[in-house]
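Accompanying notes for the structure given below.
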Amino acid sequence: MSSSHQGSDAARLRIAIVDDHALFRSGARAELAEVFEIVGEAAGVTEAISLVAGTLPDVVLLDVHMPGGGGVAVLQGCAGLPPEVRFLALSVSDAAEDVVSIIRAGARGYVTKTIEVAELVRAVNRVADGDAVFSPRLAGFVLDAFGTAAGDIATHDDELDRLSSREQEVMRLIARGYTYREVASELFISVKTVETHVSAVLRKLQLSNRSELARWAAQRRIV
């Protein structure tokens, strides 16, 4: 997790940190305590289930790989808790099978530990609001895995078929709120190229601006 401090104007959500590495837990606590109320930490599955059940945090930062069944086992053990307790998977792994298994078990999002602190703060807030949040390269795994619930709606959309694969990549990132510069960085292309792709996407879909594009993508569950 790269260090970059976020301001203290975010809501004081209550979060729990579940990870079997003490160094990561202490680092996460040090960075996030400036913004959130940390209700506790846990290093293992049983301890985590007890912590979450006892404190009912708004968001649980949940490591995917831990002894005793990992994040999936924690989610299974917390299955009876109120739906307001939401889980954000945080892992060094970006493997498709890890992403899909933890989302199937009930996590609301999945980000990798290379995430900047400011981005993590935003991800926690979005998950608390009920949004699904993924590191950009991971969202496609979920779309692919969940068939009609997401991917098939997009795959068989005639309008989407008008876009090239690169235009679709740009469109998804723009619809998620990325700036042109962030899209360029993510896809290893120039900002000018991003602008060209966005213009083509808007023209092909007969949309006027980024807001209309975001609504169009959300209606089709593409983002």
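The values are calculated or read from the model by the stated rules, or taken from the named source; none is laboratory data. Note that the structure is predicted; figures quoted are calculated from it, not measured. Note: ideal-geometry Cβ built from the backbone for every residue, glycine included; neighbour counts use all protein chains shown. For the accessible areas, the whole protein counts, side chains as well, though only heavy atoms, and no ligand, DNA or RNA atoms are used. Shrake-Rupley method; radii C 1.70, N 1.55, O 1.52, S 1.80 Å.
Whole-percent P(r), the stretch 24-64, all Cα pairs, 5 Å bins from 0: 5, 22, 35, 25, 12, 1. Around the amide H of PHE134, modelled in the peptide plane, lie the amide H atoms of TYR110, all under 5 Å away and 5 or more residues distant in sequence or on another chain. Label-to-label distance, GLU195 versus ARG166, with points set 7 angstrom from Cα along the beta-carbon direction: 1.7 nm. To put it simply, the accessible area of the stretch 31-140 at a 1.4 Å probe is 51 percent carbon and sulfur.
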